[in-house]
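These notes are about the structure you will find just below.
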Amino acid sequence: MGDYILLAISCVLVNNILLAQYLGCCPFMGTSKKMETAIGMGMAVIFVLVMAGAITWLIEAYVLKPFNLEYLRTIAFILVIASLVQFVEMFLRKSIPALYKGLGIFLPLITTNCAVMGVCLININEEYTFVQSLVTSFSYATGFGLALVLFAGVRERILLARVPKPLEDTAIGLVTAGMLSLAFFAFKGMV
Amino acid sequence: MAKSITQEFVKGLWDEIPPFRLVLGLCPVLAVTKSVENGLGMGVAVVFVLVCSNILVSLLRNIIPSKVRIACFIVIIATFVIVVELLMQAYTYALFLKLGIFIPLIVVNCVLLGRAEAFAYKNGVVASIADGFGIGVGFTLSLASIGALREVFGSGTFLGMSVFGPSYQPFTFMVEAPGAFVCLGLMLCMMNLAGNK
């Protein structure tokens, strides 16, 4: 049990998917302008990433490995993720309309979120067991949400500040992300 | 569509240079630019995939039904990514190890999907090749320039050669994650300054 907690902490804080491993930067810059959208995106990523982590692990272990098809991993995973996102979208629309409304537009965006694909590949590369993969998927996604929400908070304040013209919008966003990343850097060596 | 082939090529180098003008495909830009070599390697891989996928998408543009086009693009891109992955594994193994999971992640690089959707699906083969090559070279140039900046200050070397001599104390902030964000932000600012003259 202790191992899992350690693994979770290292994924959320020390190896934060966004600020230490640079995965998922596009939605990070795109959806962090408002707190609401940041929370929506964070929730959607947690939801999809846990499912994608589980399914891709099973596919790797029971389909690709036994038939020596590892070289098809990239294409198999991206197809799984794309169809999973579509499926989740349809399922939520029918059964949990409230959640669907909340996540709404963020769900389709997740297909091209490299954090999802990245974590699935990390799970395979590190040779995690099924349970470990579930733990890492959930904690990486939580780390993503955490960074996104923190960053959205900072960005809402920047809107009120006077920023030099050439630095406006994305440029100042990136510099701020650098500062936030520096803060997360302090966790290095904790685990 | 009166634009010449040269114009299609040149626009990728300045007017629409990713990731500065089109803020797409940020992840590899931040992750693999610790050194010039990594940046160039990644750039070349992207050029290859982009040109090939543009050719195929443009050839098949009348056959692919528009409802499932995104899925088709993804399959086409993924195929070429696997080709690149296997080629790099065979011929440039050291670079393959350094770039790690970022090679398979070219699949989810929005630049590729963006070009397939915005250009290759609507234009002929020759124009698509020019577009893919231009955007790809632009992407490579940006990766290499960020890589150069980070490598020179962060480790005091350029392509592995020492720049400032042995007494230089490397500014390690630049090669770590925070440096990547700040560096890209400041370069974007420079581009804005230069573009608004």
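Couple of notes before you dig in:
- Phi angles across the range B:156-171 convert, under the Karplus curve 6.51 cos²θ - 1.76 cosθ + 1.60 with θ = phi - 60°, into 3J(HN,Hα) values of x, 10, 9, 6, x, 8, 6, 9, 9, x, x, 7, 6, 8, x, 8 Hz, Gly and Pro given as x.
- Per the Debye calculation on chain B with a single equal scatterer at every Cα and no solvent contribution, log₁₀ I(q)/I(0) for q = 0.11, 0.14, 0.15 Å⁻¹ amounts to -0.52, -0.81, -0.91.
- Label sites at residue A:3 and residue B:68, each approximated as a point 7 angstrom past Cα along Cα to Cβ, lie 4.3 nm apart.
- Dipole of the protein assembly as shown computed with +1 at Lys/Arg Cβ and -1 at Asp/Glu Cβ about the Cα centre; of B:134, B:39, B:156, farthest Cα towards the positive end is B:134.
- With Cα atoms, 0 to 90° folded angle of helix A:73-95 axis to chain A main axis: 70 degrees
- Cleavage-rule hits (trypsin sites (Lys or Arg not before Pro)) in the range A:142-186: DSSP loop, at most 10 neighbouring Cβ within 10 angstrom: A:162
- Averaged over the residues of B:72-79, the number of partner chain Cβ atoms lying within 10 Å of the residue Cβ comes to 3.
- Sparse-neighbour loop sites [chymotrypsin sites (Phe, Trp or Tyr not before Pro); the range A:23-115; at most 14 other C-beta within 10 Å; DSSP]: A:67
- On Cα atoms only, tilt of A:35-59 relative to the major axis of chain A in degrees: 20 degrees
- Calculated diffusion of the range A:11-185, Stokes-Einstein form, Kirkwood radius summed over Cα pairs, 25 °C and 0.890 mPa s, µm²/s: 145 µm²/s
- Within 10 Å of the Cβ of each residue in A:117-128, the mean number of Cβ atoms contributed by other protein chains is 2.
- Neighbour-limited loop hits for GluC sites (Glu not before Pro), the range A:22-77 (at most 12 other Cβ within 10 Å; DSSP other than H, G, I, E, B): none
- Set of aspartates and glutamates near residue B:11 by C-alpha distance (under 13 Å), chain-local residues within fewer than 8 positions excluded: B:131
- A cut-off under 14 angstrom between Cβ atoms defines the neighbours of residue A:16, and their net charge, with Lys, Arg +1 and Asp, Glu -1, is 0.
- R0 of 25 Å, Cβ-Cβ distance residue A:183-residue B:172: FRET efficiency to nearest 0.05: 0.90
- Order of B:85, A:156 - criterion: other Cβ atoms within 10 Å of each residue's Cβ, fewest first: A:156, B:85
- A simple charge model with +1 on the Cβ of Lys and Arg, -1 on the Cβ of Asp and Glu and nothing else charged puts the dipole of the range A:11-185 at about 520 debye relative to its Cα centre.
- Each helix, a run of at least 4 DSSP H residues, gives -39500 (n - 2.57); summed and divided by the residues of chain B, these come to -20500 deg cm²/dmol at 222 nm.
- Each Lys and Arg adds +1 at its Cβ and each Asp and Glu adds -1 at its Cβ; summed about the Cα centre, the protein assembly as shown shows a dipole of about 900 debye.
- In chain A, the longest principal axis of the Cα atoms and the axis of helix A:170-185 are about 70 degrees apart.
- Residue among A:137, A:95, A:32 with the largest mean-square fluctuation in a Gaussian network model of chain A, springs linking Cα atoms under 10 Å: A:95
- Inter-label distance, residue B:125 to residue A:150: 5.2 nm, where each label sits 7 Å from its Cα along the C-beta direction.
- Each Lys and Arg contributes +1 and each Asp and Glu -1, all at the Cβ; summed about the Cα centre of chain B, the dipole is approximately 420 debye.
- Pairs spanning more than 24 Å between alpha-carbon atoms, out of A:94/B:122; A:34/A:165; A:65/A:94: A:94/B:122; A:65/A:94.
FYI, it's all coordinate maths here, none of it is from the lab. Nothing here was measured: the structure is a model prediction, and the numbers come from that model. Every residue, glycine among them, receives a Cβ derived from its backbone with ideal geometry; neighbour counts consider all protein chains shown.
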